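I have placed the structure first, in the form of structure tokens, so that the comments after it can refer back to it.
No lab work stands behind these numbers, since they all come straight from the coordinates. This is a predicted model, so every value here is computed, not measured. Here Cβ is always computed from backbone atoms with ideal geometry, including for glycine, and neighbour counts include all displayed protein chains.
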Amino acid sequence: MIENLSGWDDTIIALATPPGIGAIGVIRLSGKNTFQIVNDLFPSKDLIRQAPNTLHVGLMKQGDKTLDEVVLSLFRSPRSYTGEDVIEISCHGSPFIHQQIISACIEKGARLAKPGEFTQRAFLNGKLDLAQAEAVADIIASNTEASHKAAMHTMRGGFSTRLKELREQLIRFSALIELELDFSQEDVQFADRSAFYKLIGELSQSTNQLINSFHLGNVIKNGVSVAIIGKPNAGKSTLLNTLLNDNRAIVSDIPGTTRDTIEEIINIDGILFRLIDTAGIREHTGDSIESAGIQRSVEKMKQADLVLYLFDSGDEKQEVKQKKSELDKLQLNYILLANKIDHIGEMQARAKFSDFEKMIYISARQNLHTEVLKEKMVDTVLKGQVQTENTVVTNARHYHALKEAAKSLGDIQAGLDNNLPGDLLALDIRRSLHYLGEITGQVSNEDMLDYIFSKFCIGK
Ligand SMILES: Nc1nc2c(ncn2[C@@H]2O[C@H](COP(=O)(O)OP(=O)(O)OP(=O)(O)O)[C@@H](O)[C@H]2O)c(=O)[nH]1
Ligand SMILES: [Mg+2]
């Protein structure tokens, strides 16, 4: 496959560390002329004759001009990140030096790498499968413990192994069905239909599990949106400030203080929450700016992954009941919070609202029991799933391929129910194999690869 790709034969070069000033910078070369190119610029030793996986200190020179004192790490094909000959040049972290060294190498025959081209080569040389290669980009981009764990799990192959197992079982049946087609005159059945039916059932279940994990995967990758909702003066902005540990939003005892939504991100146990403070919702207001704010609060509430419904524990019980049933009717994922327990007393508040299950009693101003709230927020997201061990789909491309695969598996199931002839079944099987294979890259084309790898940073 690699031979068909344009430019695969070139030796590529790029800065692998972030551009700018730093203690050191690493420039990476990969391809068949790597050693020749660097050797030409490194007079003190013959690199071609050095053992792989060794380090070499010396001056890089272009003619008489010294470029820098560097450390070279040598890797020989196939034992390198890309599977090709690779040299990493660790030089001083100056953009001027990086430029000089890269230009010198280009003059000797290297070309600048395209974004993700190193990882693309690793994929094409069988060092990584596609899902693993994509996880490399996720690892670099991950900014919380949970997103890092999910990406690491995928990169180590957890996700791919599961899919490959499923796909192999399907291939075995597919072969038997195709065989039947060769003997179509004789009306024989090699593939045991009931065993096949069972396999398709298991496959559908596994694919659906993976599809369902995407919600969690998405949450891990992009964070959970949390709208803080309630009447004016309930203490929403105070709660935002307390959770952030910062005076971000204006707090006052004047109802209607917050006029527009404010968004801030916090990290709780490795999960990102996007907290949205909103304008307090009340029925009648003559103020048009406030009404517009209220309208936006209602929208934010409907869009949010999670709603924190906050009320003053001094409020009437009947009124809270009414709000709760509105939230239930909208089928929102919400947590009920009785605030200002310092005001009426925790015991009194608990007694007053005792017939509400799972209510959390807090004081936003005094920072009482907010850790209970944080725990509950994390629980709501994970819903008891042990995220590190389970395979979690975090990639939208995988998700869509899985959806397509699930659809064709459904078609196979329906086909079996209706005693569909083998040639039609074979068609649906090929379709599901195609989509499952697209995820790991067992089925791919150049356009798709270019698209995926172009989203990487240069030097990776
Ligand atoms: N005693 C007590 N007062 C609180 C508590 N939380 C907030 N308050 C007070 O309640 C008043 C309103 O607080 P805010 O945080 O501005 O309320 P809000 O819900 O954002 O109000 P709007 O933006 O107007 O909708 C302020 O005077 C706060 O100091 C609490 O836990 N206990
Ligand atoms: Mg406010």
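Side notes on the structure shown:
- Cα shape, the range 33-85, gyration tensor, a/c 1.5 rule: prolate
- Per-residue Cβ neighbour counts within 10 Å put Glu88, Glu346, Glu371 in the sequence Glu371, Glu346, Glu88, beginning with the fewest.
- 11 Å beta-carbon shell around Ile97, net charge (K/R +1, D/E -1): -2
- Dipole orientation for the chain: of the candidates Asn245, Ile106, Ile228, Asn245 has the Cα lying most toward the positive pole (charges on Cβ; Lys, Arg +1; Asp, Glu -1).
- Charge dipole of the range 252-320 (Cα centre as origin; +1 on each Lys and Arg Cβ, -1 on each Asp and Glu Cβ, all else neutral): 240 debye, rounded to the nearest 20.
- Gyration tensor (alpha-carbon) shape descriptor, the range 83-236, a/c threshold 1.5: oblate
- Helix-derived mean residue ellipticity, 222 nm - over the chain, DSSP H n ≥ 4, -39500 (n - 2.57), to 500: -15000 deg cm²/dmol
- Distance between the range 287-355 and the range 214-257 - C-alpha centres, whole angstrom: 13
- Prolate/oblate/rounded call for the range 1-106, Cα gyration tensor, a/c under 1.5 rounded: prolate
- Peptides 243-255, 26-38 ranked from most to least packed give 26-38, 243-255, packing being the mean of other C-beta atoms within 10 angstrom over each peptide's residues.
- For the chain, a crude dipole built from +1 on the beta carbon of Lys and Arg and -1 on the beta carbon of Asp and Glu, taken about the Cα centre, is about 940 debye to the nearest 20.
- Peptides 327-339, 208-220, 192-204 ordered by average Cβ neighbours within 10 Å, highest first: 208-220, 327-339, 192-204
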